[in-house]
Each structure stands twice: as C-alpha cells, then as structure tokens.
Amino acid sequence: MKTIAITGGAGFIGSHVVRLFVNKYPEYKIVNIDKLTYAGNLANLKDVESLPNYEFVKADIVDADTMMQLFKKHQFDAVIHLAAESHVDRSITNPTEFVFTNVIGTVNLLNAAKAIWKDNFKDKLFYHVSTDEVYGSLGEEGLFTETSNYDPHSPYSASKASSDHFVRAYFDTYGLPSLISNCSNNYGSYQFPEKLIPLFINNIRNNKPLPVYGKGENVRDWLWVEDHARAIDVIFHKGALGGTYNIGGHNEWTNIDLIKVMCRILDKKLGRPEGTSEQGITYVKDRAGHDMRYAIDASKLQNELDWKPSLQFEEGLEKTIDWYLENENWLENITSGNYQAYYEKQYIKR
Ligand code: NAD
Ligand code: TYD
C-alpha cells in the first residue's frame, strides 16, 4: 500500500490523473489536496469520490504549516504535484498570485516532503508536473527538447520555470528524489472554459463572439488530456530519478485553423448551415508577450518509456466537443458559478 498526494486534483488535468490512479491502482491510497480556487471543481470527480482509496482534503499549498501537518498525518510515499495557477491571461493581470501558488506553494511541498522523509529517500518520489511554456517561444522551425534553454516570457511561465528550478535544486542539493515532465497544451473534458478550446465551444454553442488574439497565427501543439494522464502514470512508475520528460502530441495547429475546424464540427453537430459559426470570429487585441509557437519533441518519452499519444487530433477534438455538448449542465454550472456550492453540499453539510 502506497499513499500518494495528488495536488490540484480538482482541476482539469489533475482530475484525470486522480481518476486514472484511483481506478487503476486500488492498492494506492490517493489523497487529493486542492484549495478549490475558481479552477477547482469537485464535480469533476463525482465518479470516484466515494471509492475507498480516495480522499479529498481542501487545503492551500501556500500554507506551509498545513502542508507539513498533512504530510505528517498521511506519511505520503509520493507526491504528484499539479496544483497551480494555470491561465496565462490571469497571470498578466495578477502575477503575484502565480508566485504564491506556483513558486512558494511548490517550495512548501518540497520542504514538507524533505522533512517527513527525513532524508531517507528510498522508494519516495516528488513528481512535478510542468509546462512546455518554460522553454519560451519557437520560430517557424525546431522543437523543444529536454535540453532546450529555459526562456519564459509570461508571468505564468516564469513562475512555472522557477518551480522547476526549485525541484531540480532540491534534487541536486538534498538528493530529494524527483522527476519533472513538461507538457504541451492539453484539451479534453473538464477543462475550465477560459482556455481556448472549451471557451470557443461554449461561445459557439451560445452564439457569442469568438475572440481571436492578434492574427490567430500563433501555433500550439495539442495533446488529449487522457494521454497526458497516461504519460504521467508511465513516468511516475518508470521515469529515471532527477529526469525530465517532454510530453507532446506532434500536433501543431495555428489558432485560426483550429478554430475553423471547431466551427465546422459544431455547425454539423448543432444542425446549422455550414459557415454559420465562423461568422462569430472576431479579431481582438493580441495578448501581451504572446508566445508565437510551442512544439514538443517527445521522442525521449517514446523511446525510453514506450509512450505515445493514443488519439488522432480530429478524433480527440470530436470526442471533446461531444463531451461538452452532452455535459451542458457542467458548463452551465461553471459559467453561473454554481459549481462552487458543490463542496459545501458534498463535504460540509453531509
Ligand atoms: P487548472 O487551473 O485546471 O487546475 C489547477 C488546480 O489547482 C485547481 O483545482 C485549483 O483549485 C488548484 N489550486 C490552485 N491554487 C492552489 C493552491 N494554492 N493550493 C491548492 N490547490 C490549488 O490547471 P490544469 O490545466 O489542470 O493544469 C494542472 C497542471 O498542469 C499545472 O501545474 C499546469 O502548469 C500544468 N500544465 C497544464 C497544461 C494545460 O494545457 N492545461 C499543459 C502543461 C502543463
Ligand atoms: P490558452 O488556451 O490560453 O493556452 P496557452 O496560452 O497556455 O497556450 O490559449 C491557446 C492559444 O489561443 C494562445 O495562442 C492564445 C489563444 N487564445 C485566443 O486567441 N483567444 C482566446 O480567447 C484565448 C483564451 C486564447
């Protein structure tokens, strides 16, 4: 029996990682530590919340004392750390929040792990989940590899880069067993509709404008979230300590091409004449410091740990659009803010 802390498990990617681990490893006890910010939604985990090997703890990783107490109480064998402020646009308006959660929160977890493991690190692991955005922006050619220089531009990517450096520093200085993975843009079910794909699905559904930043020529490499969760599973179990693994879909799209594909799929699914949804496209002021292109070389992960994406993008995008259309309640609850009452109903008044 292992006890694993998963931070940020009520968020988009975290909820997929929790679901995978709770279902696949009944011999692991999974403790989901999440503050439930605007991005945390326990409704994402309804299907696993009553399983015996799952526990939820509402806590803020910025609170060092609480983290230390939680580590003492549960004696975690491993941490999979996903809790973060994750939206670039929010980081531009409120960078400090990103320093607190992404940098200080990560250091608090590293300190708690180091203290509880008392420098006896056998069979222990701190797995830090990070982003390809730490590498900065690519020109038309080339891919990010594990040895690409760090060159973050947004407050979000600067805070994630800083947290990556702390994880490596604890490995180099104290020998704290750790691993980092840097993944490209994820898409799939349960993503908060502030990020491009769910925001645009929701806006198309509601006949709202589709705000394209700049000329829509920026490029992102999209990976299905469940393939990211599978990669985390493989790296968690087989990754080399102190290692870094890039995770990506080999699936580059300019924003405008991707948006047009979404419009076409949704026209069909909503029974609208072809070309209707595209009429909502509205070019707006570009994001400040907008990175031009991200693209990942995931060959290390494929060659060393035999992971590769399971879905073609067109299939994944269609699946994702179907999920949002079939889960209108989930979307309505988010956009109305109702989901925030779920914790109280589920965990306090019981
Ligand atoms: P998200 O914003 O959907 O979820 C973040 C979760 O962390 C939420 O449940 C939130 O309540 C929780 N949280 C935030 N601050 C907290 C705090 N102070 N204490 C405890 N919990 C807190 O994010 P996501 O998209 O699921 O991303 C998860 C991780 O993966 C992040 O570390 C992010 O940097 C990384 N990542 C994301 C992507 C992507 O495309 N979304 C790609 C690569 C890496
Ligand atoms: P986003 O989903 O915020 O992810 P990230 O910035 O971390 O890559 O944005 C993806 C791309 O879509 C990015 O180039 C910005 C662009 N974008 C828009 O054009 N309009 C929008 O409303 C949003 C949210 C993003």
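The values are calculated or read from the model by the stated rules, or taken from the named source; none is laboratory data. Note that the structure is predicted; figures quoted are calculated from it, not measured. Here Cβ is always computed from backbone atoms with ideal geometry, including for glycine, and neighbour counts include all displayed protein chains. Only protein heavy atoms, including side chains, enter the accessible area calculation; ligands, DNA and RNA are left aside. Shrake-Rupley method; radii C 1.70, N 1.55, O 1.52, S 1.80 Å.
Here are the numbers for the structure shown:
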{"quantity": "Rough spin-label spacing in nm, given labels placed 7 Å along Cα→Cβ, for residue 69 and residue 344", "calculated": "2.3 nm"}
{"quantity": "Fluctuation leader among 158, 231, 288 - the chain, Gaussian network, Cα springs under 10 angstrom", "calculated": "288"}
{"quantity": "Binned Cα-Cα distances of the range 57-167, short to long, each 5 Å bin given as a whole percent", "calculated": "2, 12, 20, 20, 17, 13, 9, 4, 2, 1, 0"}
{"quantity": "Listed residues 118, 160, 308, most fluctuating in the chain (Gaussian network, C-alpha, under 10 Å)", "calculated": "118"}
{"quantity": "Counting DSSP beta bridges with both ends in the range 186-316, the antiparallel % (nearest 5)", "calculated": "30 percent"}
{"quantity": "Under 13 Å, Cβ to Cβ, from residue 52 - net charge with Lys/Arg +1 and Asp/Glu -1", "calculated": "-2"}
{"quantity": "Summed side-chain charge close to residue 253 - residues other than residue 253 whose Cβ falls under 9 Å, Lys, Arg +1, Asp, Glu -1", "calculated": "-2"}
{"quantity": "Long-range tail of P(r) for the range 140-232 (Cα pairs > 19 Å, %)", "calculated": "60 percent"}
{"quantity": "Inter-site label distance for residue 150 and residue 261 at 7 Å from Cα along Cβ, in nm", "calculated": "3.2 nm"}
{"quantity": "With eigenvalues of the C-alpha gyration tensor scaled by 5 and rooted, the range 183-251, Å", "calculated": "30, 14, 8"}
{"quantity": "Distance in nm between pseudo-label sites at residue 217 and residue 276 (7 Å out along the Cβ direction from Cα)", "calculated": "3.3 nm"}
{"quantity": "Gaussian network model of the chain, springs between alpha carbon atoms under 10 Å - residue of 339, 245, 38 with greatest fluctuation", "calculated": "38"}
{"quantity": "Nearest-0.05 FRET efficiency for residue 55 and residue 122, computed from C-beta distance (R0 30 Å)", "calculated": "0.75"}
{"quantity": "Solvent-accessible area per residue, Å², over the chain with all protein chains present [probe radius 1.4 Å]", "calculated": "43 Å²"}
{"quantity": "Relative frequency of Cα-Cα separations exceeding 18 Å in the range 110-194, percent", "calculated": "52 percent"}
{"quantity": "Debye intensity ratio in log₁₀ form over the Cα atoms of the chain, taken at each q of 0.10 Å⁻¹", "calculated": "-0.59"}
{"quantity": "Test item: Cα-centred dipole of the chain, Lys/Arg +1 and Asp/Glu -1 on Cβ, debye", "calculated": "960 debye"}
{"quantity": "Rounded to 5, the percent of DSSP beta bridges in the chain classed as antiparallel", "calculated": "5 percent"}
{"quantity": "Candidate lysines for bridging to residue 260, where Cα separation is under 24 Å - those fewer than 8 sequence places away on the same chain excluded", "calculated": "195, 208, 215, 268, 269, 285, 319"}
{"quantity": "Residue 144 long-range amide H proximity, modeled H, under 5 Å", "calculated": "295, 296, 297"}
{"quantity": "3J(HN,Hα) from dihedral phi, the range 35-51, Karplus parametrisation 6.51/-1.76/1.60, rounded to Hz, x for glycine, proline", "calculated": "7, 6, 6, 3, 8, x, 9, 5, 4, 5, 10, 3, 6, 10, 5, 9, 6"}
{"quantity": "Fraction of alpha-carbon pairs over 17 Å apart in the range 271-337 - percent", "calculated": "74 percent"}
{"quantity": "log₁₀ of I(q)/I(0) at q = 0.12, 0.18, 0.24, 0.25 Å⁻¹ - the range 226-297, Debye sum with one point per alpha carbon", "calculated": "-0.59, -0.89, -1.07, -1.10"}
{"quantity": "Cα pair distances of the range 151-202 binned at 10 Å [whole percent]", "calculated": "20, 33, 31, 13, 3"}
{"quantity": "Qualifying lysines (Cα of each under 16 Å from Cα of residue 29; at least 8 residues distant if same chain)", "calculated": "2, 72, 73, 124"}
{"quantity": "Rounded FRET efficiency, nearest 0.05, which uses the C-beta distance separating residue 173 from residue 283 and R0 of 56 Å", "calculated": "0.70"}
{"quantity": "Extreme residue, positive dipole direction of the range 258-350, given options 271, 302, 335 (C-beta unit charges)", "calculated": "335"}
{"quantity": "Helix-only mean residue ellipticity at 222 nm for the chain, each DSSP H run of n ≥ 4 adding -39500 (n - 2.57), per residue, nearest 500", "calculated": "-12000 deg cm²/dmol"}
{"quantity": "Summed residue charge, Cβ within 13 Å of residue 152's Cβ, Lys/Arg positive, Asp/Glu negative", "calculated": "-4"}
{"quantity": "In Å, descending, principal axis extents of the Cα set of the range 203-343", "calculated": "50, 39, 30"}
